[in-house]
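The values are calculated or read from the model by the stated rules, or taken from the named source; none is laboratory data. The model shown is predicted, which means the values in this text are computed figures rather than measured ones. All Cβ positions, glycine included, derive from the backbone under ideal geometry; neighbour counts span all protein chains shown.
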């Protein structure tokens with residue numbers, strides 16, 4: 001996964017695509033052996049914002065945060081994020097989701113490729129009031145290649161980095177990235193995101 005941006009509304013206990021969206025976001029699956037970075041923004045309703053600005057970002061220094069990934073069947077903790085850096089300018093916390101290797105090994109005996117899990121976000125304010133602000137069902141799946149082994153499991157086919165980059169878009173586009181596409185009539189175009197935060201399409205000559 002790499003980077004996971006979480007916009008969590010305390011009023012609804014749901015994740016959203018951004019602080020200007022009311023469309024709910026579902027957390028994708030996690031992979032064993034991954035080292036995922038989390039960006040977490042706590043939201044509250046903004047009554048004066050209407051549809052344009054429905055949420056207000058909360059100050060990240062006003063609460064402590066723990067995020068955990070648990071096996072659904074018995075709440076065995078498979079990963080957690082408890083160490084955060086506060087970004088006061090952008091009102092978010094950034095941290096690492098650290099997998100608990102011994103517990104992941106227990107959860108993935110031979111032949112197990114996916115485990116049903118609960119992904120939970122838990123905050124505590126300055127007065128020690130504790131609140132679960134989100135809990136949803138996700139899966140952890142066995143990673144095909146990990147840092148400890150570059151071997152491809154039996155029955156699978158390995159992919160080179162060049163092949164993957166040529167076929168798939170990254171989860172987060174780097175600044176200035178462009179995608180080349182072809183229209184039904186054969187015109188080659190490039191697609192990119194401008195500083196106005198809008199998609200742009202230009203024909204290649």
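Things to note:
- Residue count for the range 50-81, restricted to those that are in a loop (DSSP other than H, G, I, E, B) and under 16 Å from the mean Cα position of the chain (by Cα): 0.
- In this entry, residue 163 passes the filter for residues that are under 30 Å from residue 201 (Cα atoms) and either modelled with pLDDT of 85 or more or more than 18 Å from the chain's Cα centre (by Cα) (or both).
- The criterion of being under 21 Å from the mean Cα position of the chain (by Cα) and either loosely packed, with under 13 Cβ neighbours inside 10 Å or without any contact (Cβ under 8 Å) to a residue 24 or more places away in the chain (or both) holds for residue 35.
- Any chance residue 40 is in contact with a strand residue (DSSP E or B) (Cβ under 6 Å, 6 or more places away or on another chain), surrounded by 12 or more Cβ atoms within 10 Å (Cβ to Cβ) and touching a residue at least 60 places away in the same chain (Cβ under 8 Å): yes
- So residue 186, is it farther than 19 Å from residue 68 by Cβ, at pLDDT 80 or above, surrounded by fewer than 11 Cβ atoms within 10 Å (Cβ to Cβ) and touching a strand residue (DSSP E or B) at 6+ places or on another chain (Cβ under 9 Å): no
- Filtered residues of the range 88-130 (kept if surrounded by fewer than 15 Cβ atoms within 10 Å (Cβ to Cβ) and touching a helix residue (DSSP H, G or I) at 6+ places or on another chain (Cβ under 8 Å)): 88, 125, 126
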